[in-house]
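Take a look at the structure below.
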Amino acid sequence: MPELNDVSSQACAHIEAILDGDEGRKLIVKYKSIVAWNVNRFQTVKNPAKRRKISVPTCGTCTLALARPFVCLHCSYTGCWSGDHVVSHLREQDHNFCADVKSGSVFCIQCDDFIYNAGLDEIYLSTVVMSEEKQTKFQVAKKFRETYKAWAPTEKDKAALEGAVPIPCQGRRGLLNLGQTCFLNVVLQCFAHNPLLRNYFLSDKHNYKQCKLENCTCCEMDKLFSEIYSEDCNPHGPITFLATTWRASAELSGYAQQDAHEFFISALNQIHTTSRGSTNVSCNCIIHSTFAGQLQSDVKCERCGNVTSTVDPMLDVSLELKGKGGEVSSAENTLASCLRRFTQPEKLGPKEYSCGKCGKASHEANKRLSIRKLPPVLSFQFKRFEHKTSDKSSARKIDAPIRFPASLNMAPFTTMGMKETEKENMMPSNSYPGPAAMYEYDLFAVINHEGSLDNGHYTNFARFQDEWYRFDDDKVTPSSLGACLNSIAYMCFYVKRHLDYKPYTTPTYVLTRETEAVREKEMEKEKEAARMKEVEDALLATV
């Protein structure tokens, strides 16, 4: 019997033969229903007393409760995989297909294997998204999420695509070290493999040939993506990007060693500043649409129980590697444990907080951080460089390894998740509001620092589709997820498995483009009116 996660690389002729007929349409309806059922059964509601009770599915042969049921796509039978009961049912009833409720994988009895079909894969994804959309109305004004619509090219798009030159999608190009610029190279590689940034710049949302700004970092990003996704496989030297960075950030200029995290934050600010339509409040430029989240700080007065909450923007999360005792313990060094330390209550000093309700300086107050809004891309920095005093010569590096996962669920560290935990009498909760996809992230890039504080070198790992590569300046070598997870991480980048979005909101660059188009038309009318006035004045002068 094949393994549960095996998927045949060959197309299944048996399912392709029936999909277009009546039998295929019934099979698709059944397939959609079981996928939607699996999404809905894990959702929680605000009032558990109103939650509709759903019976646990049982095996039709051995009657055991099933945590991961397999459903026959031809009848109502549900069975277990490990006991071979669902396969036996298919053989006995002369049925061809069953589906794994959890993953949506379809098993063909004639192929005796799990099969892949592009049409079923699209149906699975669209059904999951549609079911999740109905579960997220609590997020924004209790409205349903905006319905997802697949992109379909208009006549204008088709005309533009006819003359377009296709570009290679390899995206694996090394960057030359221009003199201790490895800190810049690793961050640029992480930008290049960030799916949201890649889609933005490769879809011509910012064109450096049309931009009129001087020292524009967005133009440098556009050039970078053009170079990395070009046919040239030779290492690229980001000379103009480095020069633009020097002009924009004096503290990063020169050939001294720099911190990759400092450059990362500086680059985000520069890209934001030079983005079209960027604002200081509620900005949805490409940087804020990708990296921006919200951090909530709750200060509770133990005397009267009053809670004061403040919300601050965040672009990344910096995590301590040390515990309460100030020592680094290898047993505690996991990303999850660092996040637990980051979000655990912290006692404030007597002069650090004055309660607004008591009107007195409280001697007992706790402060707790939580993530109020999760960004599409989560960036973590581990504080490996410790400065005990203002003297940089006394700084040291913490070389302790940190274990981080390939996939991450952020629900326990969100404001909403913590409230659910408090409702469960301080016991860890396994269920959180909304679909699980709201909280799930996948690793796509890691930055490593090798060597000492004064004489170190940056490298990075990045995922391109399902393949991992190691980038060491101009050297690009195939790697693996295991090698990445075993590396000494300095920064980690995770992207949401399924992106959510603001309902019925037009992106800033679209609004800016429309505003500029209207302004250009008005300027053309004014120029035409001025020209006509000059002609009239000239005619009157001749008379």
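The values are calculated or read from the model by the stated rules, or taken from the named source; none is laboratory data. Fair warning: this is a prediction, and the values are worked out from it, not measured in the lab. Counting neighbours? That spans all protein chains shown, and the Cβs are built from the backbone with ideal geometry, glycine included. Side chains included, ligands, DNA and RNA excluded: accessible areas come from the protein's heavy atoms. Shrake-Rupley method; radii C 1.70, N 1.55, O 1.52, S 1.80 Å.
General observations
- Taking 23 Å as the limit for the C-alpha separation, the pairs Lys149/Lys209; Lys156/Lys209; Lys26/Lys102 exceed it in the case of Lys149/Lys209.
- Set of aspartates and glutamates with alpha-carbon distance to Lys373 below 20 Å, sequence-local pairs under 8 removed: Glu132, Glu133, Glu146, Asp298, Asp312, Asp316, Glu420, Glu422, Glu440, Asp442, Asp500
- For the residue pairs Lys32/Lys158; Lys223/Lys383; Lys300/Lys496; Lys367/Lys419, alpha carbon separations beyond 21 Å are given by Lys32/Lys158; Lys223/Lys383; Lys300/Lys496.
- Fully extended contour minus Cα-Cα distance, from Lys357 to Gln110, at 0.36 nm per residue: 81.8 nm
- Counting protein heavy atoms only, region 228-319 has 51 percent of its accessible area on carbon and sulfur, 1.4 angstrom probe.
- Efficiency of FRET between Cys233 and Lys158 - r from beta-carbon atoms, R0 30 angstrom, step 0.05: 0.45
- For the listed peptides 520-529, 366-375, 58-67, a ranking on the average number of other beta carbons within 10 Å per residue, highest first, reads 366-375, 58-67, 520-529.
- Sites Glu320 and Ala11, calculated FRET efficiency, Cβ-Cβ separation with R0 35 Å, nearest 0.05: 0.10
- Multiplying the residue separation of Asn40 and Thr542 by 0.36 nm and removing their Cα-Cα distance gives an extension gain of 172.5 nm.
- Inter-site label distance for Asp94 and Lys383 at 7 Å from Cα along Cβ, in nm: 7.1
- Counted residue by residue at 0.36 nm each, then reduced by the alpha carbon distance between them, the extension gain from Thr421 to Lys26 reaches 138.0 nm.
- Thr279 paired with Arg531, simple spin-label distance in nm, labels 7 Å along Cα-to-beta-carbon: 3.5
- Treating r as the C-beta distance of Ser480 and Asp454 and R0 as 35 Å, the FRET efficiency rounds to 0.65.
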